[in-house]
1. Every cysteine in the chain with no other Cys Cβ under 4.7 Å from its Cβ, please list them in numeric order.
2. Can you order the peptides 355-363, 176-184 by their average number of other Cβ atoms within 10 Å per residue, highest first?
3. Residue by residue through segment 574-581, what is 3J(HN,Hα) from phi via Karplus (6.51 cos²θ - 1.76 cosθ + 1.60, θ = phi - 60°)? Round to whole Hz and write x for glycine and proline.
4. Could you give me the ³J(HN,Hα) list for segment 169-185, computed from phi with Karplus coefficients 6.51, -1.76, 1.60 and θ = phi - 60°, whole Hz, x at Gly and Pro?
5. If you roll a 1.4 angstrom probe over the protein chains with everything in place, what fraction of the accessible area of the chain belongs to carbon and sulfur, to the nearest %?
6. Find how many whole Å separate the alpha carbon centroid of segment 392-409 from the alpha carbon centroid of segment 1-48.
7. Between segment 313-343 and segment 167-198, what is the separation of their alpha carbon centroids in Å?
8. Whole angstrom only: what separates the Cα centroid of segment 67-137 from the Cα centroid of segment 505-580?
Amino acid sequence: NATGLLLRATQRLMDVYGVDGFRLDAAKHIPSWFWDNLWDSVVHERRRAPDGSLQTAFTFVESVQDNFGTYSQYTRKDGFADRDALDLNGAGALRGIVNANGFGAWSSVLGAHIDATDDGVQNGSLHVFSHDNGSVGSGGSMPALPNVRQQGLAEMAYVLFRPGPPIVYHNARGISRSGGFFPREGSPNALGGDPTGNSLSDAMTKLVRARNMVARGDFYVLNGTDPVNQSTDDVLVFERRTGGVANCLVAVNDTWSNGTSYRNVQTSFAPGTRLHEISGTATDARTDPFDDVDDVLVVDSAQRVLIPVPNNRSGNIDHGRGYVVYAPTLPSGTLELTGVASTIPADDAGVPTHQRRLTALPVITGDTFEVRLTTTQTDALDPNVDDNALFRLNQGFRDDNGSGGVDIGSGAGPISGYEEFLTLHEPLADTGTTGRYHQTIDATTLPEGLNYVSVVAFRGRPSGTAPLFREWRETFYVDRVGPDAALLTPGPVTQSSYTFAVENPDRTAERTHFFWDLPAGPDPALDASSLGRRIGQHRWSYTRLGLTHGTHTLTAFTVERHTGTTARHDFAVFVDRCAADVDDSGTVNTNDFFAFLALYQAGDPGADFTGEGDINTNDFFGFLAAYQVGC
């Protein structure tokens, strides 16, 4: 029945395709007992996590009921299930601020979230733009690109620095539709490109990275401590803190007038703490043309700061970056890879935005290379420098330093799956001049193609406080061997014509060329005449006519997308058929004789019995000889 099909489909998505979690669309149209009694049992401890353990999949429902109805009927976080909900009411309130063009109030948002429904505390999940109610669009046609005001960058900053897993929705606009449902637009510069001007924009990427580095702990609104302006209508100031120790200070502003707003707030930072702006707002000339936004704030003896927050407009330019993020001094430094053979440049502006790669790729061709981080003191007036650094390759949970196991296991929050630097480990806190962290990597253990390294260096902090770190990332390309190939043909071939299929398991090839019984000698030129037909994202096909009995060789040349590296693959193919069985019936009779005559008269390649490449009397007599032999 339908119930069984839904459960089986869920199992297949997790077991076969490795899906990590689910959005449960229109959840209230299915009785809550289905989720509680049946579906939760299917996803319980079924997800294979990067560390190899089985965990319960994170899921969230889409329900347009009120907060209490959604929470009480469709969420479940009791240890057996991990089912959350999209914060539709909170997102609606945020879009209300976006659409109010500076005349909204942050207080309307604070009371709208589903977070507080269970325990009265703002500590859960939410989203602001999703595919069915994003920044712009009606769902009936391709949405327009949102202007700066519609993008809601300040609202996105608020979402990112609240507790819980936020969603930054990106519509890549890579699929053309002729009608029906069109996903709404979300945050068009979520991945670093701004399609409105076909240029780069680091606003969202810097916000996301800053969140990952410092947004930890409980959520506290600070506006009420300002003796001059306690209102949250235009500016909202809040703090994230752990056990009473502050981790970051954030302010968001929905005002679209010119200039800068100020709020004097009581913080939980110790007197004298130097807070650096890390979202990029203070160093952006368009956002802060008159240098009103301080790069560094110093907490006074009463633990107060006067925090400057840019309005969303400077002069006659809407920039939308009405937010600041301040945090204690984080490490500075440079990340490099050694053993780089070449570099693949970033794609130019002529590549469609949904396909464009913004990052240049260093290429590793050797068996080993080194990951190196060199740190320097960020602030000469702040003695707290880096006391450790960690690295992670791809999804982590790999013994990449040869220590005998994964150094940082599950349960370590944002640093789960990371490894210690063992080749060279000299924290700046120990040397007083520069920090040096080196690790030799065995490239033979990495997959061919794109790989990713993340390195984090920690600010020295007292035991028991939340970790604050700076993160560096590098994408690199491993090209030690050419792209591999696997023949998908099952068993012997018994037909006179057959379509062969080849798959590229390492997913690095952009095309495949095919040859049949290639003679000895230099490899042939790879041109359009030998190009295989793409039949999937990583599969190509080749159709061969006039197959004859015996063992043959199918040669496939796979060509790597980014580097052009070519690999030759020879596959033995056994054709098990009677030479004169033209109609593939398994026997030789007069039907085959007349079928051959028809091919012979038409000059069809299927009548080329001698393999000479043309049709002549030699083929006719060759067929007669095979006809007499039979099967």
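1. Isolated Cys, the chain: 248.
2. Top to bottom by mean Cβ count within 10 Å: 355-363, 176-184.
3. 9, 9, 10, 7, 6, 4, 8, 7
4. 8, 10, 9, 6, 6, x, 10, 8, 10, 9, x, x, 6, 10, x, 5, 7
5. Carbon and sulfur: 50 percent of the exposed surface of the chain.
6. Rounded to whole Å, the Cα centres lie 32 Å apart.
7. Result: 23 Å between the Cα centres.
8. If we compute the Cα centre of each part, the gap is 54 Å.
The values are calculated or read from the model by the stated rules, or taken from the named source; none is laboratory data. This one's a predicted model, so the numbers in the text were calculated from it and none came from an experiment. Using ideal geometry, Cβ is built from the backbone for each residue, glycine included, and neighbour counts are taken over all protein chains shown. Heavy atoms of the whole protein, side chains included, go into the accessibility calculation; ligands, DNA and RNA do not. Shrake-Rupley method; radii C 1.70, N 1.55, O 1.52, S 1.80 Å.
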